[in-house]
Amino acid sequence: MFTAILLLTGPALGFRLLGAVGVRRFASWRVCAAHGLAVMLAMTASAHFAPSGVTVMPTHDDLVAMVPPFVPFPDAMVYLTGVLELLGAAGLVRAATRTTAGIGLAVLCVLMFPANVYAAMEDIPLGDDPPTPLWFRIPEQLLFIAVALWTAGRARDRAPARTSAPTSASER
C-alpha cells in the first residue's frame, strides 16, 4: 500500500543527501522531489508494460482490470498512460521541461483518478497486494498531484544572480 510513496520519498531523500554533500544539481528540495517523482513514475510506468507472468509487481492485466467500464479501449489506455508517465518522468529531470511535465502529470493524475476510485469500490487487487482502500487512494493521489505541481513551480530556491563588479570608485 505504501510502495508508491516509498518510491517517491526514498529517492527524493537520496537526491537531497547528494545535494548536502555538494552535488549542485540536488541543492534544492524542489529539484530532489522532481527527480524522486521521476523515479517513482519510471517504476510505476513499468507495470503498464509488464506481462501477466511477472510476479514481483503489478502487470498490464492488473491495471486493465482497474479501468472503469465507461473508458473505451482499456488495454490501449493502460499503454497510453504508461507512455505518458514515462514522458512525464523524463520531463521532470530537465529543468527546461519540468514545469510542463509537472502540470501534465498533475492533469494525468486527475484523469486517472476514476480508475483508482473504481478499483477501490470494486475491491480490485493490484498484483498480489490486497485492494487498496479509497481512504488511502484519495490522499495518495492528492499527494502525487501536489508534488507534481510543486515541482512544476519556478525554482525560487536557485542561487541568487551575481551582481556585476563595481565599475567606478563611487560604487566601491
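The values are calculated or read from the model by the stated rules, or taken from the named source; none is laboratory data. Since we're looking at a predicted model, the values are computed, not measured. Because the Cβ atoms are built from the backbone with ideal geometry, glycine has one as well, and the counts that use them run over all protein chains shown. The protein model used for the area step is the full one, side chains on, heavy atoms only, and it has no ligands, DNA or RNA in it. Shrake-Rupley method; radii C 1.70, N 1.55, O 1.52, S 1.80 Å.
State whether the residues of segment 30-50 include one that is touching a Ser or Thr at 6+ places or on another chain (Cβ under 6 Å), at pLDDT below 95 and of a type in the set (S, T, N, Q). Among the residues of segment 30-50, not one is touching a Ser or Thr at 6+ places or on another chain (Cβ under 6 Å), at pLDDT below 95 and of a type in the set (S, T, N, Q), which makes the answer no.
Within the set Asp62, Asp123, Asp157, Asp129, the sole residue that is modelled with pLDDT under 95 and within 30 Å of Gly19 (Cβ to Cβ) turns out to be Asp157.
Does Val117 count as of a type outside the set (D, E, K, R), surrounded by fewer than 17 Cβ atoms within 10 Å (Cβ to Cβ) and without any contact (Cβ under 8 Å) to a residue 12 or more places away in the chain? In short, no. Among the residues of segment 28-50, the ones that are without any contact (Cβ under 8 Å) to a residue 60 or more places away in the chain and not in a helix (DSSP H, G or I) come to 1 in all.
Conditions (1) open to solvent by less than 50 Å² (accessible area, probe 1.4 Å); (2) of a type in the set (S, T, N, Q); (3) over 19 Å from the mean Cα position of the chain (by Cα), marked per residue:
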| position | (1), (2), (3) |
| --- | --- |
| Ser28 | yes, yes, no |
| Leu41 | yes, no, no |
| Phe49 | no, no, no |
| His60 | yes, no, no |
| Phe70 | no, no, yes |
| Tyr79 | no, no, no |
| Thr100 | no, yes, no |
| Val110 | no, no, no |
| Gly127 | yes, no, yes |
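If you go through segment 51-76 and keep only what is free of Cβ contacts under 8 Å to residues at least 60 places away in the same chain and over 19 Å from Ala119 (Cα atoms), you end up with Pro51, Gly53, Val54, Val56.
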